[in-house]
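Below: one structure, written as structure tokens.
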Amino acid sequence: MRLQFATWPEVETHLERSTGILIPVGSTEQHGPGGLIGTDALVAEAIAARAASEHDRILVAPVLAYAPAQFNLSFPGTVSLRAATFSQVVVDVVDSLAAGGFDAFYFLNGHGANIAPVRCACHDLHQRRVLARPAMAPLKFRLKSWWEFPETDALRRELYGAGEGMHATPSEISVTQAISTAVRSDHTAKSWTPLPVERLRDLAGDAHEDARLHRASFPDGRVGSNSALSSAEHGEALLCTAARELAADYRRFVADPAW
Ligand code: NI
């Protein structure tokens, strides 16, 4: 079930069976010359929605589509929240849902720069509840980026090898091709500049520099990715694999014996 398509009595019924909720987190930022601005949000939401369509005990919240992405602000169309703002958005979303009875929050992430502020939000939520007098009931959190599920990770490496790179990746673009015809068929930038493994490691979690320097370093917006390898067929396989691994991990997280 998806929260934005549910009624409050349906949410109440869900809460009688499960106090867990799945929150996709994405971004609104350039994804190379052919990738969609909404790629990260679309992919995280599509995987979460697929998992929910196959398991009726999964409730999916609307995707958090605005996120920190200062490094892409030199490309038009990118919207960036300050990291602290995004973290506070997460706190307010969790507080609101917790007021209604939810206590287990699973974030499915589609954007590296979300990792630090979501962890920061979870830290502060825990601390506030511990320090409150009287102390508030504990909440639990899990944050997973869709590409880190083992079989999904193996599949993207098998399909693309070093061409996966780290931004406007063929895997994420493939998923958008599987769910939408909006990705232009001429998106395939012909040239490809692979990045050394050490550089990719240094940039993990989107540890990029100033947006102006970022655009100078990566003029077409891709970061070491050979987006031309993407296809809708790959996207469906990635979507299917990631949704299956997500559902299994979500189930372990909520520890629902009746599943
Ligand atoms: Ni992306």
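The values are calculated or read from the model by the stated rules, or taken from the named source; none is laboratory data. In this text the structure is predicted, and so the values were computed from the model without any measurement. With ideal geometry, Cβ positions are generated from the backbone for all residues, glycine too; neighbour counts draw on all protein chains shown. To get the accessible areas, we keep the full protein, side chains included, count just its heavy atoms, and leave off ligands, DNA and RNA. Shrake-Rupley method; radii C 1.70, N 1.55, O 1.52, S 1.80 Å.
Annotations
- Within the option set Glu172, Glu158, being within 16 Å of the ligand (Cβ to nearest atom) and among the acidic types (Asp, Glu) holds for one residue only, Glu172.
- The combined condition, being part of a loop (DSSP other than H, G, I, E, B), open to solvent by less than 40 Å² (accessible area, probe 1.4 Å) and away from the ligand (no atom under 14 Å from the Cβ), is fulfilled by Leu195.
- Against the numbered list (1) closer than 19 Å to Lys144 by Cα; (2) within 18 Å of the chain's Cα centre (by Cα), His31 comes up short only at (1).
- Considered as a group, the residues in the range 2-13 that are part of a helix (DSSP H, G or I) and aliphatic (A, V, I, L, M) include one that is farthest from Thr169 (Cα to Cα), and that residue is Val11.
- Residue in the range 111-126 that is more than 30 Å from Ala98 (Cα to Cα) and touching a residue at least 60 places away in the same chain (Cβ under 8 Å) present: no
- Residues of the range 14-39 satisfying the condition of being assigned to a strand (DSSP E or B), within 9 Å of the ligand (Cβ to nearest atom) and open to solvent by less than 10 Å² (accessible area, probe 1.4 Å): His31
- Filtered residue count, the range 218-232, keeping only those that are surrounded by 13 or more Cβ atoms within 10 Å (Cβ to Cβ) and more than 19 Å from Arg156 (Cα to Cα): 3
- Residue satisfying condition, being open to solvent by less than 40 Å² (accessible area, probe 1.4 Å), free of Cβ contacts under 8 Å to residues at least 40 places away in the same chain and either within 25 Å of Lys140 (Cβ to Cβ) or more than 16 Å from the ligand (Cβ to nearest atom) (or both), within set Val91, Val60: Val91
- Near pairs, Cβ below 6 angstrom, 6+ apart or cross-chain, from the range 230-242 (in a helix (DSSP H, G or I)) to any residue that is acidic (Asp, Glu) and surrounded by fewer than 21 Cβ atoms within 10 Å (Cβ to Cβ): Thr241/Glu151
- Residue count for the range 97-111, restricted to those that are outside any strand (DSSP E or B) and touching a helix residue (DSSP H, G or I) at 6+ places or on another chain (Cβ under 8 Å): 5
- Helices (runs of 4 or more DSSP H) wholly inside the range 112-190 containing at least 3 residues that are open to solvent by 40 Å² or more (accessible area, probe 1.4 Å): 115-131, 150-160
- Ile47 vs. criteria within 16 Å of the ligand (Cβ to nearest atom), modelled with pLDDT of 95 or more and in a loop (DSSP other than H, G, I, E, B): no
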